[in-house]
Amino acid sequence: MASFIPSSADTLEDMLLYTQARLTQVACLDCLASVGVKKNSEHHTSIQWNAAALEACPEFARWDASPLGREIHQGCARLVASIDAAVREGHIDIGAEDGY
Amino acid sequence: MSDTRFLDQGAPPERFARGWHCLGLAKDFADGKPHGIDGFGGKLVVWQDTQGNLNVLDGYCRHMGGDLTQGAVKGDEIACPFHDWRWGGDGKCKAIPYARRVPLRARTQKYPAVVRNGQLMVWHDVEGSEADHDVLPPELAGVGTEAYTDWTWEVLDVPSAHCREIIDNVVDMAHFFYIHFAFPTNFRNVFEGHVATQFMESTGRPDMDGAGYGDEGLVLKSEASYFGPSYMINWLHVDYKGFETEVILINCHVPTGPNSFKLQYALCVKKPEGVDDATADYIGKRYSETFKEGFEQDVHIWLNKAPVQNPLLCEEDGPVYQLRRWYEQFYVDKADVTPEMTDRFEFEVDTTKANEYWREEVARNLAKKAEEDAATPETADA
């Protein structure tokens, strides 16, 4: 039950469009993590994790186990390399469709 | 006109967010007097007891509705100005001086309170859950010691906008150019669990005569995280014409009604080497004024804009929908929080094209200004 209540069904469609459309699953080349990726341009990247992917990532596990814990902004370099490879191999379409 | 984009204003939520909210600097409540704070659709009373603990209760007496914020602190309790009922920090009525006994049901609403980094935090949850200390903002090493200046504290009233407007700023790359007069050159968001973060690097615009962040000599590296629905810590590395300062800015708010909130901000500065305390305080005050200008520019927009449930985005915009999905977790019952709301999400905004266009616009503005200055005859002797 949404708390901010839209007054149009189209708004719910928009929510799905902006959060889920054009996400390509990219498997990490080094572990079992698989994440949703969208690239609206060369420099733009959107990465959607889920709990299973986060659990599978040994980099994140290592940071989680460190005394200071994991910094929220710490990204996984192996995953970034995997995404770059997926882009090179043409698995991910680069470009936005009407802003999403 | 079926091609016309519908602006869905929707309806604001009927509840206030679950989580920790900051009410102010702890030292400001430590004078043995009751303090009134507008919040969560009503009024809260804050006072310090004889052990030095800060207590927070609903501001209205459960007897006949007297205003406890106008009462008096008697011993450890807050006494109502109407009939002197005495309320303890645990929410129980401890004594009624004219009565044989206190009714068993004499319990009022208590807000669990914690002092963190010298600031008073209270837990709010319409479901009445136990305060979750695991989601408190982190302790800031060195803050509160000689290494940092004292917190400044400012409050801005926002009487006709929902506090989600200020949350939206987390992802709003472009408003930093138009509202705060800076070029955001790097911009990244990460949301995970109860934390939403913005990373930004920016340089001030040279065509704004120093208004807002509009000063070419002002280079910011900023990491700003919301810890829960209302409390942001912004770690700022400020380079002003080569003079570097570490600034910690707290940007927090308390909702006061379904469509209103108080925006509050606190700032402290790591005292630079070789700078005396008075100068360090002065630097802190100057930065506080700069950010005040920034917040006032935001407030002006919010008070005049429409709420939008269905923002229309372009490629250069940040992840507004994902941010709102994250924010939603604080407005549903704990049992209804879905994985999508808290799953990790990363978003790197492509700022290259935007900055190209903005540099051109600023160059045009500067050229126009130079032309106007050249065309204005000297009037000093006239």
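The values are calculated or read from the model by the stated rules, or taken from the named source; none is laboratory data. Here the structure is a predicted model, which is why all the values come from computation and not from measurement. All Cβ positions, glycine included, derive from the backbone under ideal geometry; neighbour counts span all protein chains shown. Ligands, DNA and RNA are stripped out before the accessible areas are found, and what is left, the full protein with its side chains, is counted by its heavy atoms. Shrake-Rupley method; radii C 1.70, N 1.55, O 1.52, S 1.80 Å.
Taking all protein chains as shown and a probe of 1.4 angstrom, A:Thr19 keeps an accessible surface of around 20 Å². Simple spin-label estimate for B:Tyr282 and B:Glu356 gives 4.5 nm between the two label positions (7 Å along the Cα-to-Cβ direction from each Cα). For each pair in B:Lys33/B:Lys262; B:Lys262/B:Lys305; B:Lys285/B:Lys353; B:Lys33/B:Lys270; B:Lys241/B:Lys292; A:Lys39/B:Lys262, compute the distance between the two Cα atoms and list the pairs where it is over 29 Å. Long pairs (Cα-Cα over 29 Å): B:Lys285/B:Lys353; B:Lys33/B:Lys270; A:Lys39/B:Lys262. Its relative contact order, with pairs defined as Cα atoms under 8 Å and 6+ residues apart, puts chain B at 18 percent. Each Cα pair under 8 Å and six or more residues apart adds its sequence gap; the mean of these over the residue count of the range A:22-88 is a relative contact order of 31 percent. With contacts taken as Cα pairs under 8 Å and at least 6 residues apart, the range B:152-363 reaches a relative contact order of 26 percent. Counting only alpha carbon atoms, the long axis of helix B:352-375 and the longest principal axis of chain B meet at about 70°.
Can you spot the lysines whose alpha carbon is less than 18 Å from B:Lys368's alpha carbon? Ignore those fewer than 8 places along the same chain. Within the straight-line limit of under 18 Å, B:Lys368 reaches no lysines at all.
With a ≥ b ≥ c the root eigenvalues of the C-alpha gyration tensor of chain B, is it rounded (a/c under 1.5), prolate (a/b larger than b/c) or oblate? Because a/c hits 1.5 or more and a/b exceeds b/c, chain B counts as prolate. The charge dipole of the range B:19-135, taken about the Cα centre with unit charges on the Cβ atoms of Lys, Arg (+1) and Asp, Glu (-1), comes to about 600 debye, rounded to the nearest 20.
Among the residues of B:325-336, the average count of other protein chain beta-carbon atoms within 10 Å of the residue beta-carbon is 2.
Per residue, the solvent-accessible area of chain A (1.4 Å probe, heavy atoms of protein chains only, all protein chains present) comes to 56 Å². Within the listed set B:Met121, B:Met208, B:Met232, the Gaussian network model of chain B (springs between alpha-carbon atoms below 10 Å) gives the highest mean-square fluctuation for B:Met208.
The lysines within cross-link reach of B:Lys110, meaning a Cα-to-Cα straight distance under 16 Å and a gap of 8 or more places when in the same chain, are B:Lys43, B:Lys92, B:Lys94. Within the range B:226-297, the proportion of C-alpha pairs whose separation exceeds 21 Å stands at 33%.
Roughly how many percent of the accessible protein surface of the range A:22-88 is carbon and sulfur, given a 1.4 Å probe and a whole-percent answer? Result for the range A:22-88: 55 percent of the exposed heavy-atom area is carbon or sulfur.
So which DSSP H runs in chain A come out at 18 Å plus along the axis (Cα) with average Kyte-Doolittle of at least 1.0? Going by DSSP H runs, there are no hits. According to the Cα-based calculation, Rg over Rh for the range B:58-216 is 1.12, with Rh computed by the Kirkwood formula. From the P(r) of the range B:19-135, could you give the percentage of C-alpha pairs in the tail past 19 Å? I get 42 percent for the Cα pairs in the range B:19-135 exceeding 19 Å. Remark on the range B:172-230: ratio of C-alpha radius of gyration to 2.2 N^0.38 Å is 1.23.
In the elastic network of chain B, a GNM with C-alpha springs shorter than 10 Å, the most mobile of B:Leu218, B:Leu263, B:Leu140 is B:Leu140. Averaged over peptide A:32-45, the number of partner chain Cβ atoms lying within 10 Å of each residue's Cβ comes to 3.
Just checking the listed ones, B:Tyr98, B:Tyr111, B:Tyr178: in the Gaussian network model of chain B with Cα springs under 10 Å, the one fluctuating most is B:Tyr98.
Every helix of 4 or more DSSP H residues in chain B counts as -39500 (n - 2.57), and over all residues that averages to -6000 deg cm²/dmol at 222 nm.
How big is the Rg/Rh ratio for the range B:167-302, C-alpha atoms only, Rh by Kirkwood, two decimals? A ratio of 0.96. Counting, for every residue in B:300-310, the Cβ atoms of other protein chains within 10 Å of its Cβ and taking the mean gives 2. One quarter of the surface of the convex hull around the alpha-carbon atoms of the protein assembly as shown equals 30.9 nm², the direction-averaged projected area. When both the range B:335-375 and the range B:195-217 are represented by their alpha-carbon centers, they are found 10 Å apart. Over all Cα atoms in chain A, the spread is summed up by Rg and Dmax: 16.1, 48 Å.
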